Every structure is written in structure tokens, then in C-alpha cells.
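*Asks:* One structure is given below, represented as C-alpha cells, and several questions about it will come after.
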Amino acid sequence: MLRLAYVGGLGLMAGPASTHLKPDGPAKVLRVHDRGTSDAQKDAFRTAWKAHGAEFVSNFDALIGDGQLDGVVVCVGKNGDDLDIIANLSRLLHERCDNRPFIMHMSTVSAGFTVAADAYCAQMGVGYVNYPLTGGPLGAQLGGGHPNGMLILASGDAGLYELLEPTLNVLGRPRYFGASVSAGAETKLIGQHLVFNGCTGICTGAALYAQCFADGVMGGQQQAAYFDFLNGGAGGTRQWDVALSKGVKDDDWGTGFSVRHAVVDAIYAAKLAQEKGLPRLSIQPMINITLAFAFLLHKYPQRAVATHAVAREMLSGAAAELDVFMRDHGALTPDINACITSSIDALPAAVQQTVLLDVSVQNFAAS
């Protein structure tokens, strides 16, 4: 049985492990990092982890303890959030563990981050893999025993994947994408191209319906029935089922894929396409959705906003304001690198800090 510690174990994606991992299962979680913030969901995960037998600790020193661990699971944030975490954990594991420990990193980060993290952890004698997750909080709750459980996008060290696979099968539905440490992150970002293009398409459709058939009003059961039907055709997208339908049917524009997190994924997706030599045709939609999400973050700074809320900004009465924001923040800057930089600069400062697009081994060493 693997002996694990968790960072991010009170979050929506990692928290359900508290109920999926059983006493006779493939892994035992000894300690969970707890920053002390409280809400109903976190408190429910605390109760479940306590029933599992985990101890709560407030710092990484206590998390690693005497080093009698096989590894640490990290599921927290983006490049700028997780760099210090990975660097500090790898040093503590290096100092205290007799056997070669590992870090299983389940956050969505850029492909370049995984390469630098892997190289730094190797210097510390620590195994590193990045297995990002997709399927949302519901997929995490359903787990590996359900056909709609979250997908776990694994790659990197094949021996470590073999060791972790029984645990991964409990948490979700894993698939191994080869020995490249960045393949899981690249697969996640390929998926985000599908997500964000689908989001733009279905939101455009909803705005057009409102203008053509509903006097510019978004929402209601008639519009919901229209897209329940139309989405069954060739242009169908899951972004209707998992996202926009909440707004149209229930006037819920805050539940779902948080814009604060999605906007960073869109930047990473744009950067991956640019690095791999794809045309502007492929990169521009990620720039556009990044700036649309940035617009939402500035317009609703104190409100939870999900990705599908962009549909309301596409209505004719609001569209001009969005157009001006995108123009003023370089949506059509000829140089694509400058365009990506302008998109990052358009974000609120707190979100900008999480992006940290260019990451090297030296960043980890200096952390």
C-alpha cells in the first residue's frame, strides 16, 4: 500500500479522493495540507479525510514529517501557484526520504513547466510526473468506478505510472500517453482547444438565437429546448450540456468552469499551438477567449463567473464594449508572441501572477 500526503486535498478535484480511497485500497493518505480556510465543501472533505485516517498539517515540513512516505500528490493551481510548492516539496523529500520518493502533480500547468519540474526533481533524486485531470468536479466525485468519472491524463516515467495505476483507477479513468513528461499536459491543452472553441461556438449560437428569435433576451425554456434539439446535430458540443445550459435554463452564470482558472489554461493552449508551429487560425481563438475572459474578470471583480457567462457579453447591447476591450488589449497584434503577452497583460494582477508562462530549472532552484 502506497503511503501518500496530499497538497490540495480540500479542493474540488482532489478532495473526492477522501471517499474513493478505502482502508484496504492501493493507497493510504497519512497527511493532508490544510491552510485553514473554511466553507461547507472543505469542511465536508475534512470530515471524509478524518474518516480515512489522515492527519491535517499546516505546513510542508509537517507534511513530509520523518520522510516515511512514498510520495506526495499535488493538485493546486497553475505555474505561478505550484512552482514554489514543487520546489519546496522536492527539497524536503530529498532530505528526509531513504527510498526514491515521487511527486504526482495533478494540476493543469504548461508543458514547459513539466519539463523544468521534472529536471529539477531529478536533481533532487525525486520522481516527478504530471497527470492533469479533466471532467470537472462532478467527474472527480464519480471516480474511477463510473463511466463518467474524471479522466487522468498520464505520461512520463513508465515505472512510476505502473506503480500508481491501481490508485489512479480508483480516483478516475487514467490513460498513459507515453514516456514524455509533457505529454499529459499537452493532451490537457489539446482538450482545452476543444473546450474553448466549443464554448465560443455555443455562446455565439445562443446570442444569435436571442437576437433572431427573442428580442435580444438570453435565457428561458424555449431557448433551452431549441439548443437541446440543435445540439444533437453535427455542430453539437458538450459545452452546451456542461456549461451554457446552466445559464439559459437556470440563469446560473457562476457555476461551472471558473473564468479565473480557464483564462490561464487558454493562454497555455495558445502558447502550445504557437510553439508547435500552428497557424494563426489555430492560435487566434485562444487569444480571443483569453481576452473575453479577461473582460469578464474586470467587469465582475467580486463575483464568481463561469466560462459560459461570455454569452451575455455577445448580445448586441453589450458587444461593442467587449470589442473595444479586445482591440485595446491587442487582439489583432500582428506578432503572435506580442499578442500572447498583451493577453496576459490584460488580466487582473492577481491572475497574471499565476500564469508564469516561461519556466526554467533555474526558477525552481531559486525558489
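The values are calculated or read from the model by the stated rules, or taken from the named source; none is laboratory data. On a predicted model such as this, the values are computed, not experimentally measured, just so you know. Neighbour counts are summed over all protein chains in view; Cβ atoms, including those assigned to glycine, are modelled from backbone coordinates with ideal geometry. Keep in mind that these areas ignore ligands, DNA and RNA; they rest on the heavy atoms of the full protein, side chains included. Shrake-Rupley method; radii C 1.70, N 1.55, O 1.52, S 1.80 Å.
*Asks:* Using only the Cα atoms of the stretch 161-280, what semi-axes does the equivalent ellipsoid have when each is the square root of 5 times a gyration tensor eigenvalue? Give whole Å, largest first.
*Replies:* 33, 18, 13
*Asks:* Follow-up question, since we're still on this one. Evaluate the relative contact order of the chain (contact order divided by residue number), counting alpha-carbon pairs under 8 angstrom at least 6 apart; express in whole percent.
*Replies:* That works out to 15 percent.
*Asks:* Can you give the extra length, in nm with one decimal, that the chain gains between Ala349 and Leu332 once fully stretched, where that is 0.36 nm per residue apart less the Cα-Cα distance?
*Replies:* 3.9 nm
*Asks:* Ok, one more. Using only the alpha carbons of the chain, what is the convex hull's orientation-averaged projected area in square nanometres?
*Replies:* Mean orientational projected area (the chain, Cα hull): 18.4 nm².
*Asks:* Cα atoms only, the stretch 1-150: Rg and Dmax in Å?
*Replies:* Rg then Dmax for the stretch 1-150, in Å: 14.6, 41.
*Asks:* A further question follows. Kindly report the accessible area of the chain per residue (heavy atoms of protein chains, probe 1.4 Å, no ligands, DNA or RNA), in Å².
*Replies:* Here the residues of the chain average 43 Å² of exposed surface.
*Asks:* Starting from the Cα of Ser367, step 7 Å along the direction of its Cβ; do the same at Ala304; then give the gap between the two resulting points in nm.
*Replies:* In this crude spin-label approximation the distance works out to 2.8 nm.
*Asks:* While we're here: Calculate the FRET efficiency for Arg238 and Ala214 from the Cβ-Cβ distance with a Förster distance of 22 Å, rounded to the nearest 0.05.
*Replies:* 0.40
*Asks:* Under the Kirkwood approximation applied to all pairs of distinct alpha-carbon atoms, what is the hydrodynamic radius of the stretch 249-367 in Å?
*Replies:* About 15.0 Å, per the Kirkwood formula over Cα pairs.
*Asks:* What's the carbon and sulfur percent of the stretch 11-96's accessible surface, probe 1.4 angstrom, rounded to a whole number?
*Replies:* 51
*Asks:* Still on this model: With a 10 Å radius around each residue's Cβ, average the other Cβ atoms per peptide and rank 91-103, 330-342, highest first.
*Replies:* 91-103, 330-342
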